[in-house]
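Below is one structure, written out as structure tokens, with a few remarks after it.
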Amino acid sequence: MKAFISAVIVAVALAVGAAFVLNTQQQTADKAFATSGARVGDPGHNLIQM
């Protein structure tokens, strides 16, 4: 039982850490694809409204 509880705690800690890292690395499309060949509009006019 101790192994299962510790595995759950480690899994939750890894998930929270991964969510934090991925959230800091996330960019909007106009910044991620800022080349001359990309046609990205204003990010305020999309369906997600982030």
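Out of segment 8-38, which residues are among the β-branched types (V, I, T) and modelled with pLDDT of 95 or more?
The answer is V8, I9, V10, V12, V16.
Residue check: is I5 at pLDDT below 65 and surrounded by fewer than 10 Cβ atoms within 10 Å (Cβ to Cβ)?
Taking the combined requirement at face value, the residue does not satisfy it.
The values are calculated or read from the model by the stated rules, or taken from the named source; none is laboratory data. Keep in mind it's a predicted model, so treat the numbers as computed, not measured. Note that each Cβ is placed from the backbone with ideal geometry, even for glycine, and that neighbours are counted across all protein chains shown.
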